[in-house]
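Peer 1: Questions regarding the structure given below will be posed in turn.
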Amino acid sequence: MRIDIPRKIAVDILLKIEFEKSYSNLTISKYFNDNNLSGKDKAFISALVYGTLDRKISIDYIISKYIKTTVSKIKPITRMALRIAIFQIAFLDKIPPSAAVNESVNIVKASKEKFNASFTNGVLRSYLRNPVELPTGNDVRSLKFRYSCPEWIINSFINDFGEDTTVKLLEESLKTPPMVLRANTVKISDNDLFEQLKIGGVNGEKGDIDGSFLVSSSLDVKNNPLYKKGYFYIEDLASQKMLSQIGIKKGDRILDTCSAPGGKSFTMSMLCQNEGEIVSLDLYEHRVELIKNGAQRLGINIIKPMVWDATKFSKDLGLFDVVLCDVPCSGLGVIRRKPEIKYKEVSHEDMQKLLKTQEEIINCSGDYVKPGGVLVYSTCTLSNSENRLQITAFLDKHPNYELQYISEFMPHIDGTDGFFFAKLKRTR
């Protein structure tokens, strides 16, 4: 019996993500490195994994209509084989339904759950004969199943942005975002990078920020020779747009309080022409190593990575012209890139702890800014409690700061990840 390798790998990756709480991007990268796969196979595996994660609630709703138990009680391999098959049949246009069914049945047959092969076949054949429709209403329950999004996120969006915007955010969350490259102008000009990418077969287009280039999210970055030479790195347009607006200049002393893996520090190095000093902090040594390695690959010599807790003040660090605190957040602006975020249960206590951490980081960060300097607060989430209300609370406590502006990037409007930032100036 022949097993379809890409589909089998997709099932294995999904099992890792669900039962070991692995990050999708890191798990996919590991499997790609460990297996000799063609570019076509890698693209198909990525589509299966991210698509199945994106649509998991919708897929489980469909499966539930053809079984007598609950989806959570289906054996793990069988469950994942059913999910990828339903995803292919319901949400992909170019896959023959018979192929999706047969390959998933074969995966189960070849596994320790082979006793479920007929069950798998029966569920999928029943769906083919009589496909169930997803709910069409705009009540929270219908939105949950149609857009595969937990009710707590939907309610958060409705409370902060209203029903119409919520639907648009949910629609956008299921689209495949581009990968955004940033030219490393320490080593190569924008135009030269774009030309070399095209010569290397990387298709894409320039972004609306100088040095940005939008390419397919299936690009195998780490094996790209231009990446290995340090000619580019990855950073979403929202982050690039923010950094272009905060007034960084040549020779600035900059503090990046929550820096890993380092993309914002790298971009700030470009903006100050690799002259000045950037102190890049992170809480964990292994994440600081990511910053060090990235700066070395890019040939940036003004970054000084350090292990430090951003909620604690250190007078030894001194004062800075610019302080960026890109704080830990709920990540609701990047669920189209990291769909597993949607399925993490967040309790009230968890959220209160997160809000407290954000508050401690911005309050501590403000003490590092020299008079006349700039404090920037940013998140990759769309949540008033984590964004606007944090800025209001900070300004209430710090009369020596004034708000210069607030910007919120919305995926359905700006074509970027969901992102928030506020620029504040220390007046004295």
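Peer 1: For residues in the stretch 149-197 being in a loop (DSSP other than H, G, I, E, B) and under 17 Å from the mean Cα position of the chain (by Cα), which is nearest to MET270 (Cα to Cα)?
Peer 2: So in the stretch 149-197, the residues in a loop (DSSP other than H, G, I, E, B) come out as 149-150, 162, 174-178, 184-189.
This time we only want the ones that are under 17 Å from the mean Cα position of the chain (by Cα), so: 149, 174-178.
Numbers: CYS149: 38, LEU174: 33, LYS175: 31, THR176: 28, PRO177: 25, PRO178: 22 Å.
So the residue we want is PRO178.
Peer 1: For residues that are crowded, with 17+ Cβ neighbours inside 10 Å and either without any contact (Cβ under 8 Å) to a residue 40 or more places away in the chain or touching a Phe, Trp or Tyr at 6+ places or on another chain (Cβ under 6 Å) (or both), tally how many sit in the stretch 98-117.
Peer 2: Residues of the stretch 98-117 crowded, with 17+ Cβ neighbours inside 10 Å: 100-101, 103-109, 111, 113, 116-117.
So of that shortlist, the ones also either without any contact (Cβ under 8 Å) to a residue 40 or more places away in the chain or touching a Phe, Trp or Tyr at 6+ places or on another chain (Cβ under 6 Å) (or both) come out as 100-101, 105, 108, 111, 113, 117.
Total satisfying the criteria: 7.
Peer 1: In this structure, is ALA260 of a type outside the set (Asp, Glu) and within 21 Å of ASP316 (Cβ to Cβ)? Break it down into steps so the answer makes sense when it comes.
Peer 2: Numbers: of a type outside the set (Asp, Glu): yes; within 21 Å of ASP316 (Cβ to Cβ): yes.
Yes; evaluated as a whole, the condition is true for this residue.
Peer 1: Would you point out the residue of the stretch 341-365, among those that are in contact with a helix residue (DSSP H, G or I) (Cβ under 7 Å, 6 or more places away or on another chain) and buried (at least 19 other Cβ atoms within 10 Å of the Cβ), that is modelled with the lowest pLDDT?
Peer 2: In this case the residue turns out to be LYS342.
Peer 1: Quickly run through the stretch 321-356 and pick out the residues that are basic (Lys, Arg) and over 18 Å from LYS21 (Cα atoms). Before the answer, list the steps.
Peer 2: In the first step, residues of the stretch 321-356 are kept if they are basic (Lys, Arg); the result is 336-338, 342, 344, 353, 356.
Answer for the stretch 321-356, where residues must be basic (Lys, Arg) and over 18 Å from LYS21 (Cα atoms): LYS353, LYS356.
Peer 1: Output the residues belonging to the stretch 293-325 that are basic (Lys, Arg) and within 17 Å of GLY373 (Cβ to Cβ). Step through it out loud before you land on a result.
Peer 2: Filtering the stretch 293-325 down to residues basic (Lys, Arg) leaves 297, 304, 312, 315.
Passing the criteria: only LYS315.
Peer 1: To continue, here is another question. Let me spell it out: the conditions are (1) more than 19 Å from THR120 (Cα to Cα); (2) touching a residue at least 40 places away in the same chain (Cβ under 8 Å); (3) acidic (Asp, Glu), and ASP34 meets all of them except one. Which number is the exception?
Peer 2: Only one criterion in (1) more than 19 Å from THR120 (Cα to Cα); (2) touching a residue at least 40 places away in the same chain (Cβ under 8 Å); (3) acidic (Asp, Glu) is unmet by ASP34, namely (2).
Peer 1: Being buried (at least 23 other Cβ atoms within 10 Å of the Cβ) and assigned to a strand (DSSP E or B): is that true of ILE291 here?
Peer 2: Values: buried (at least 23 other Cβ atoms within 10 Å of the Cβ): yes; assigned to a strand (DSSP E or B): no.
So ILE291 does not fit the description; no.
Peer 1: Take the conditions outside the structural domain of SER156 (by TED's automatic domain parsing) and surrounded by fewer than 22 Cβ atoms within 10 Å (Cβ to Cβ) and apply them to PRO371. Does it pass? Lay out the reasoning, then the answer.
Peer 2: Numbers: outside the structural domain of SER156 (by TED's automatic domain parsing): yes; surrounded by fewer than 22 Cβ atoms within 10 Å (Cβ to Cβ): yes.
Criteria met by PRO371.
Listed here are the residues, each with its yes/no results for (1) more than 27 Å from the chain's Cα centre (by Cα); (2) of a type in the set (Ser, Thr, Tyr).
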| residue | (1), (2) |
| --- | --- |
| TYR368 | yes, yes |
| GLY373 | yes, no |
| CYS380 | no, no |
| ASN384 | no, no |
| ARG388 | no, no |
| THR392 | no, yes |
| ASN400 | yes, no |
| TYR405 | no, yes |
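Peer 1: Right, next: Please verify whether the stretch 336-347 includes one or more residues that are under 20 Å from PHE161 (Cα atoms), in contact (Cβ under 8 Å) with a residue 60 or more places away in the chain and assigned to a strand (DSSP E or B).
Peer 2: No.
Peer 1: Count, please, the residues in the stretch 27-55 that happen to be among the hydroxyl-bearing types (Ser, Thr, Tyr) and either surrounded by fewer than 20 Cβ atoms within 10 Å (Cβ to Cβ) or in a loop (DSSP other than H, G, I, E, B) (or both). I'd like the intermediate steps shown before the answer.
Peer 2: First pass over the stretch 27-55, keeping only residues among the hydroxyl-bearing types (Ser, Thr, Tyr): 27, 29, 31, 38, 46, 50, 52.
Remaining after also requiring either surrounded by fewer than 20 Cβ atoms within 10 Å (Cβ to Cβ) or in a loop (DSSP other than H, G, I, E, B) (or both): 27, 29, 31, 38.
So the answer is 4.
Peer 1: Taking the stretch 16-26, which residues are in a helix (DSSP H, G or I), closer than 24 Å to SER72 by Cβ and in contact with a Lys or Arg (Cβ under 9 Å, 6 or more places away or on another chain)? Working first, answer last.
Peer 2: Let us first name the residues in the stretch 16-26 that are in a helix (DSSP H, G or I), namely 16-20, 24-26.
Filter once more, so that each one left must be closer than 24 Å to SER72 by Cβ: 16-20, 24.
Passing the criteria: LYS16, GLU18, SER24.
Peer 1: Can you tell me which residues in the stretch 226-274 are surrounded by fewer than 19 Cβ atoms within 10 Å (Cβ to Cβ) and touching a Cys at 6+ places or on another chain (Cβ under 8 Å)?
Peer 2: Answer for the stretch 226-274, where residues must be surrounded by fewer than 19 Cβ atoms within 10 Å (Cβ to Cβ) and touching a Cys at 6+ places or on another chain (Cβ under 8 Å): LYS249, LYS250, GLY251.
Peer 1: Give all pairs with beta carbons closer than 6 Å in which a residue from the stretch 190-205 that is assigned by TED's automatic domain parsing to the domain that holds ASN223 meets a residue that is modelled with pLDDT of 90 or more and among the hydroxyl-bearing types (Ser, Thr, Tyr); count only pairs at least 6 apart in sequence or on separate chains.
Peer 2: Short answer, once both residue conditions are applied: LEU193/TYR231.
The values are calculated or read from the model by the stated rules, or taken from the named source; none is laboratory data. Since this is a predicted model, take the numbers as computed values, not measurements. Here Cβ is always computed from backbone atoms with ideal geometry, including for glycine, and neighbour counts include all displayed protein chains.
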